[in-house]
1. Pick from 40, 34: which is assigned to a helix (DSSP H, G or I), more than 26 Å from the chain's Cα centre (by Cα) and outside the structural domain of residue 202 (by TED's automatic domain parsing)?
2. Specify which of the listed residues (175, 214) is surrounded by fewer than 15 Cβ atoms within 10 Å (Cβ to Cβ), touching a helix residue (DSSP H, G or I) at 6+ places or on another chain (Cβ under 9 Å), within 30 Å of residue 107 (Cβ to Cβ) and of a type outside the set (A, V, I, L, M, F, W, C).
3. Taking residue 113 and the conditions (1) surrounded by 14 or more Cβ atoms within 10 Å (Cβ to Cβ); (2) modelled with pLDDT under 90, which numbered condition does it fall short on, given that it satisfies the others?
4. Take the residues of segment 130-154 that are among the β-branched types (Val, Ile, Thr) and over 16 Å from residue 171 (Cα atoms): which is surrounded by the fewest Cβ atoms within 10 Å (Cβ to Cβ)?
5. Select the helices (runs of 4 or more DSSP H) contained entirely in segment 179-289, then report the ones holding at least 3 residues which are closer than 30 Å to residue 127 by Cβ and touching a Pro at 6+ places or on another chain (Cβ under 8 Å).
6. If you go through segment 58-102 one residue at a time, how many are in a helix (DSSP H, G or I) and either touching a strand residue (DSSP E or B) at 6+ places or on another chain (Cβ under 9 Å) or surrounded by 15 or more Cβ atoms within 10 Å (Cβ to Cβ) (or both)?
7. For segment 48-99, give me each residue that is touching a residue at least 24 places away in the same chain (Cβ under 8 Å), among the aliphatic types (A, V, I, L, M) and either within 30 Å of residue 257 (Cβ to Cβ) or out of contact with any Phe, Trp or Tyr (no Cβ under 9 Å at 6 or more places or on another chain) (or both).
8. Tally up the residues in segment 52-87 that are of a type in the set (D, E, K, R) and farther than 18 Å from residue 16 by Cβ, please.
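The values are calculated or read from the model by the stated rules, or taken from the named source; none is laboratory data. Worth saying up front: this structure is predicted, and the values here are computed from it rather than measured. In this analysis, Cβ positions are derived from the backbone assuming ideal geometry, glycine residues included, and neighbour counts consider all displayed protein chains.
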Amino acid sequence: MKTEVKKIDANKREVNIEVSGDIVKNKFEDVFKKIAQNAKVPGFRPGHVPRDILEKHYSSAAHEQVLKELIPDIYNQAVEKEGLDVIELPQISEVKLDRMRLSFMASVEVSPQIAIKNYKGIKVVYKQITVTEDALKRHLDALKESRKIDTLDDNFAKSLGYPGLTELKEALKAQSYIQEENQQRQKLENEIVENLTKDLEFKLPQSMVDRQLQDLVRHTKVDLAMKGLPREKIEEKESELTKNLEPEARRQVKVYLILAEIAKKENIPLDDSMPRRVMELLLKEANWIESA
């Protein structure tokens with residue numbers, strides 16, 4: 001296999017790939033053997049069509065099948081050989097195939113080089129979580145208002161599935177604690193992300209930004225529809241939504257790529273759980289400081 005990589009910009013590469021000899025020849029042989037098993041040619045039984053007749057009737061189909069089977073395999077070998085961290089499906093062009101040689105060009109986007117360091121020991125400020133009596137009273141008052149009642153007593157607690165008012169208060173206290181804990185976790189994660197991104201600048205792969213932007217726009221349109229906005233009004237807003245959501249799409253892609261770079265350094269698989277696992281690592285390794 002011959003490969004040649006041409007750098008187009010920070011994230012784009014053109015890879016010229018060529019294979020010849022037995023790889024191509026044997027693939028044609030395999031394809032024609034498969035075709036011969038079911039080939040329908042007048043005057044011949046399936047599996048007994050002479051090769052020259054088979055070539056005459058199925059040459060074009062064999063050519064297409066060889067391309068279909070060879071290009072993905074050869075492309076993946078070329079990417080591995082060149083050590084390219086490809087992030088999108090390639091655009092294949094300039095395909096040339098004869099019985100002994102295959103060549104093509106693959107245009108790809110690669111992950112940017114991110115010079116990340118000092119991601120351990122990030123300072124995070126936290127506070128001990130307590131649910132005060134005042135906070136509990138606010139929850140109880142809100143519950144009274146929502147149920148339009150005058151008195152919170154054991155009977156009311158039982159109507160909500162609790163043995164008594166004491167147990168209802170304990171449940172509300174636990175819910176409040178979990179809510180505050182989740183809010184603080186989100187705040188700490190945001191602090192870590194801000195710390196990671198503030199001094200890192202690199203060119204974002206446009207294909208990733210475009211895909212993320214499409215997802216954000218689609219979700220926003222669904223939310224608007226759920227709120228009752230007519231379809232035609234939503235469509236009118238699409239251009240505005242795209243413009244307004246692009247900065248957020250770029251931010252999300254930047255954060256993902258930074259987390260992915262840390263994942264590579266820490267041997268964390270780049271699967272759907274990667275962002276969560278990297279964030280858990282960063283929190284574990286953070287410099288926790290209790291607020292006064």
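1. Numbers: 40 fails: assigned to a helix (DSSP H, G or I).
Going through 40, 34 in turn, just one is assigned to a helix (DSSP H, G or I), more than 26 Å from the chain's Cα centre (by Cα) and outside the structural domain of residue 202 (by TED's automatic domain parsing): 34.
2. Just a single option satisfies the conditions, and that option is 214.
3. So residue 113 meets the others, but not (1).
4. Filtering segment 130-154 for residues among the β-branched types (Val, Ile, Thr) gives 130-132, 149, 151.
From what's left, over 16 Å from residue 171 (Cα atoms): 149, 151.
Values: 149: 12, 151: 8.
For segment 130-154, the residue satisfying everything is 151.
5. Those helices (runs of 4 or more DSSP H) span 231-265.
6. 15
7. 61, 70, 71, 74, 78, 79, 84, 86, 87
8. Summing the residues that are of a type in the set (D, E, K, R) and farther than 18 Å from residue 16 by Cβ in segment 52-87 gives 7.
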